[in-house]
1. Suppose we keep only residues that are surrounded by fewer than 16 Cβ atoms within 10 Å (Cβ to Cβ) and among the polar types (S, T, N, Q) within segment 39-82. Which one would you say is farthest from Ala200 (Cα to Cα)?
2. Would you mind telling me which numbered condition in (1) out of contact with any Ser or Thr (no Cβ under 6 Å at 6 or more places or on another chain); (2) closer than 23 Å to Gln309 by Cα; (3) not in a loop (DSSP other than H, G, I, E, B) Ile422 fails?
3. Tell me the residue from Tyr312, Tyr304, Tyr330, Tyr364 that is closer than 27 Å to Tyr577 by Cα, among the aromatic types (Phe, Trp, Tyr), touching a residue at least 12 places away in the same chain (Cβ under 8 Å) and in contact with a Pro (Cβ under 9 Å, 6 or more places away or on another chain), please.
4. What number of residues within segment 314-330 are surrounded by fewer than 24 Cβ atoms within 10 Å (Cβ to Cβ) and either of a type in the set (A, V, I, L, M) or at pLDDT 95 or above (or both)?
5. Report every pair of residues separated by at least 6 positions or lying on different chains whose Cβ atoms are under 8 Å apart, first residue within segment 559-575 and assigned by TED's automatic domain parsing to the domain that holds Gly449, second modelled with pLDDT of 70 or more and in a loop (DSSP other than H, G, I, E, B).
6. State yes or no: is Gly58 touching a residue at least 24 places away in the same chain (Cβ under 8 Å) and in a loop (DSSP other than H, G, I, E, B)?
7. Given the criterion in contact (Cβ under 8 Å) with a residue 40 or more places away in the chain and surrounded by fewer than 21 Cβ atoms within 10 Å (Cβ to Cβ), identify the matching residue among Phe121, Phe104.
8. For Val69, indicate whether it is outside the structural domain of Gly495 (by TED's automatic domain parsing), in contact with a Pro (Cβ under 8 Å, 6 or more places away or on another chain) and not in a helix (DSSP H, G or I).
Amino acid sequence: MKELFTLAVILYFASMLVALIFKRNYKLSISLGHAFTALASLSLLAFTINAIPLALQGKAVDIVYNIGVAKIPFHIDGLSLILCFVLGALGLATSVYSPKYMEFYEKLGKGWLYIILYSTFVLSMILIVTVSSLFWFLFLWEVMTFASYVLMIWESEEEYVRKAGWKYFVTMHITSTLPLVIAVALLYAKVGSVDGLNFANLASLKLSPIFYVLFLIGFGSKAGVVPIHFWLPDAHPAAPSNVSALMSGVMIKVAVYGLIRTTCFILKPNVTFGYIVAALGAITLTIGTLYALKQTDAKRLLAYHSVGQMGYIWLGVGVGIIFIAKGGAYAAFGAIALAAGLYHLVNHALFKGLLFLSAGSILYRTHSRDLNTLGGLAKLMPFTAIFTFIAAMSIAGTPPFNGFMSKWMIYQSTFLSNNGLIVFFGVMALFISAATLASFIKFYTTAFGGEPTELTKDVKEVSSQMLIAKGFLASLCLVLGLVPALILPLLLSPGSDLTGVELANWITTKYWLVMIKAPSMPIGAESYFKPLLFMALFSVIFIGMYLLFPISRKMDEPWTLGEPVAMSQYKYKAVNYYEPFEEYIHFLYHAGHVLSEFGGRVNKAVARLYVGFSEALHSCANAVSRAVTLLGHSYVKNTSEIYFDEYFVAPLVKISRVSGILLDEGFARVNGALTLALVILAVILALMVL
């Protein structure tokens, strides 16, 4: 079993090597590289499936990698396996999808570099959710941030991409990396060694409440939780769509993993902290979805929905923390609420990954993300239309798709809580789910409905390779909605580990039934849902309605009173949807705009300081590199006999210079930022050796 995990890690490194070997051939380096990443994802999925029985028994898989200078410990329990499943599934889909999609960027070249960054990005996330040392967690966290940043600015010749990337890079280092570095530094001062930063050792300590604050900020900003969400709507659309799928589908979920791991397993669940997490979730799902409602850029709309759906996850996790912290009869109910949040984490990864891949398919064929100019794609890209419909209905929480089941469980964890504030949060979540449906009605009907427009009239379906990847995710959206018992036992394992309570008396998970019982609920009053029965009844009703009222394909020309009005003028554009509703909540959009401008000014001020420091560091590195290189050349020139071990020092020092030009995109600020990021990684590594 452990060999499968190790094999996945090795295959990711092998993909980098293969890409380097064939670096002169753009298509070949990407195709072979992704063949290895697909195999790595399959190996990770196989490991996850094999390790699930252990997790259901409350056990874990322990691995230690000895890399010479240090030993890296891994502890893979139920919580880790949930994220491994997500990474395996979405990693497999993007690996199959990407070779054809990246042809869209062939003019940029550097296919080998893309594979190295892609593999580094995915592998860093896998290691983050499995490593059991906070030191290595922080190191890998910075690797993930750096790799995602460079992938995000892949089209760096575009100004909006550079701006979005810079906003992400600065924001993550100030609001995410910095709080985590402070937390790790405080813990290191307490334990006195890197080995003492092991999760098991930290869990035995009595720690200050300040760590709740540091972890909340550090992980909340990476998750895109309001109010530190402003980077996300710019960052995710700027990246290539396959990278957007990973960032939205997995990266922000890794932050949720970090929050649960640190505040529930290292620290102890706290009622007050749970209320804060749940409240932030309710605010985030509201603001994110309402802002998504007015977007006309397909990828920006999806990015705002990532903010909104993250709110649902945080609401479920927050309610879970509250009741687990209360203990007693409430502990089991809290474990169910936590499972509901984790269920939506898995589901959101699947349907949001599918939505971004579908948006990428649209961009691949039409070269546009503007919903006002798209239309009629259902006739031209029928399979993409079907897969997008499944994803749209899933995110909207429509049965029988997976999004409905996880949202249903979140609703039950709030409505059955017997707590007025939590019930209110649940009502808000239910209302916003309707707004989500409205938003995706706009997304789907403007892109796929109606007749083809001038822009889309010559469009063709994407390749079978891209369709297979989307079909895989679409099938998971359907299967995990119809048969939630396939994954619910695994989702319940983290709560069971935290509470030590037998959950069989509180939740029933069978292939045809999910039944939840709340504290003080009388026998026979349990809340339940039967997805397969619903699907059967819905199918009968749908077929009956279709036979009784067949769809008419007759199309009549509109009466124009003799005026020469083109049919295209009758199209209801995305910008026109829900205008009256937007006017009612204009105050919210205006307030958001004002706050955004203020935040932008603050961000620019911080960025100027950041740039100044990074450029100064970059200049110093260049000066040192030049000086040492000149000394080396002088030594070589004036010395008749050369020893390899002496001369080897000079090339090593050149690293300080090479780091600045390794990914030269034609503008100095990226070089300076790159140098600073590499120095941060070097400092973290140096701490390990000291």
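1. Asn50
2. For Ile422, the failing item is (1).
3. Tyr304
4. If we filter segment 314-330 for residues that are surrounded by fewer than 24 Cβ atoms within 10 Å (Cβ to Cβ), which is where we start, we get 325-330.
Among the residues that remain, those that are also either of a type in the set (A, V, I, L, M) or at pLDDT 95 or above (or both) are: 325, 329.
Number satisfying all stated conditions: 2.
5. Listed by first residue and then by second, the contacts come to nothing, as the list is empty.
6. Judged against the criteria, Gly58 is a match.
7. Result: Phe104 is the single residue among Phe121, Phe104 that is in contact (Cβ under 8 Å) with a residue 40 or more places away in the chain and surrounded by fewer than 21 Cβ atoms within 10 Å (Cβ to Cβ).
8. no
The values are calculated or read from the model by the stated rules, or taken from the named source; none is laboratory data. What you are looking at is a predicted structure, and each value in this text was computed from that prediction instead of being measured. Note that we place each Cβ from the backbone using ideal geometry, even for glycine, and neighbour counts take in every protein chain shown.
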